[in-house]
Amino acid sequence: PALEKGESVDLLGVTPHQHFTEPPPRFSEASLVKELERLGIGRPSTYSTIISTLRNRAYVDVTDRRFTPTALGKTVAKVMVSRFPDIFNVQFTSGMEEELDKIEEGKLGWQEVLRDFYEPFSKDLENIDVEAMIREAHDLEGLEDERCEKCGSKLTVKSGRFGPFIACTNYPDCKYTRPIKKDRPPDRPTDEKCQECGSAMVIKTGRYGEFLACTTYPDCKHTRPVPLGVKCPVCVVGDLTQRRTRRGRVFYGCARYPDCEYSTWYEPLPEMCQKCEKVGVERRSTKARGDYRRCMHCEYEFDVEEPAAAGAES
């Protein structure tokens, strides 16, 4: 009914409803590409590289085809974003994309763009406390109050050939050092057999990700990449594995190399082709189409189905 200002009404009843705030669903590959497009970040040629970098550097895990940040990913984000807020601002990235386009079109000089970027960036670098950053990254905030167990001097974090370590500030009179403890996941058993001695192999986690290692180490030092669950489309015998070029770029090749020289820049996935029904597709992406798959056997292309939202799961 129509009401007028100041008019009194009778309360007939109250019906309580309880609602819980649910977090938004985690990003899938497809939804992440859409978000990058919306924010103006990246190019069709770089979307696959962005996603591969997140996975190869162990910044994220994939559960039910959705990304979940790892402890390493959270640490990197915390340490880097707090020290370089301008660079990690999405507006900076999208703005840089526009400036690169203008350089390509001849509307802007690259020296000017580089100067505008590097001058404030170099000042940020000068103000970086590397030791404090390493302490924060390795959860060593209490190190300032800790003393050397040999001479009682203060301890500090130093960087060496094999990474950061804890050392006495009284060096060289005191040469006390100790490694920074790293929590690495336990070895995972596999059905793989060592090609050198025939022993069982386990999946270990190293500096550059997971790899297969012989259980008889150090007697047998044989290692090899973890198979991706996809057979080589050329020889049909070898497993496809992740490898790196001399400059560190990730690519994928047949484990039977050099007998089989098949390789690809696109990540192979153990998914079934919707046309020929063979297992083995490439992860691909374009700005216009978004994330999609291409069969490694018949070259049929099909879109990625968006997984259902996980509700209140986080």
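Of note:
- Set G209, G229: member being exposed (fewer than 14 other Cβ atoms within 10 Å of the Cβ), closer than 26 Å to S285 by Cα and either touching a helix residue (DSSP H, G or I) at 6+ places or on another chain (Cβ under 9 Å) or modelled with pLDDT of 85 or more (or both): G229
- Hits in the range 34-72 (condition: assigned to a strand (DSSP E or B) and surrounded by 15 or more Cβ atoms within 10 Å (Cβ to Cβ)): V60, R66, F67, P69
- Some residue of the range 100-111 being modelled with pLDDT of 80 or more, aliphatic (A, V, I, L, M), in a loop (DSSP other than H, G, I, E, B) and under 11 Å from the mean Cα position of the chain (by Cα): no
- Index of the failed condition, G6 passing every other in (1) more than 27 Å from I128 (Cα to Cα); (2) among the small types (G, A, S); (3) in contact with a helix residue (DSSP H, G or I) (Cβ under 9 Å, 6 or more places away or on another chain): (3)
- Between S8, S31, the distinction of being among the small types (G, A, S) and surrounded by 15 or more Cβ atoms within 10 Å (Cβ to Cβ) belongs to S31 only.
- Selection from the range 267-297 of residues that are under 25 Å from the mean Cα position of the chain (by Cα), charged (D, E, K, R) and surrounded by 14 or more Cβ atoms within 10 Å (Cβ to Cβ): E267, E271, E282, R283, R284, K287, D291, R293, R294
- Taking the range 77-99 as the range and being surrounded by 12 or more Cβ atoms within 10 Å (Cβ to Cβ), under 20 Å from the mean Cα position of the chain (by Cα) and not small (G, A, S) as the test, the residues that pass are K78, V79, M80, V81, R83, F84, I87, F88, N89, V90, T93.
- The condition of being part of a helix (DSSP H, G or I) and either touching a Lys or Arg at 6+ places or on another chain (Cβ under 8 Å) or under 30 Å from L228 (Cβ atoms) (or both) holds for T75.
- Verdict on T21 being in a helix (DSSP H, G or I), over 20 Å from D291 (Cα atoms) and at pLDDT below 85: no
The values are calculated or read from the model by the stated rules, or taken from the named source; none is laboratory data. Note that this is a predicted model, so its numbers are computed, not measured. Cβ coordinates were reconstructed from backbone atoms using ideal geometry, including for glycine residues, and neighbour counts include every protein chain displayed.
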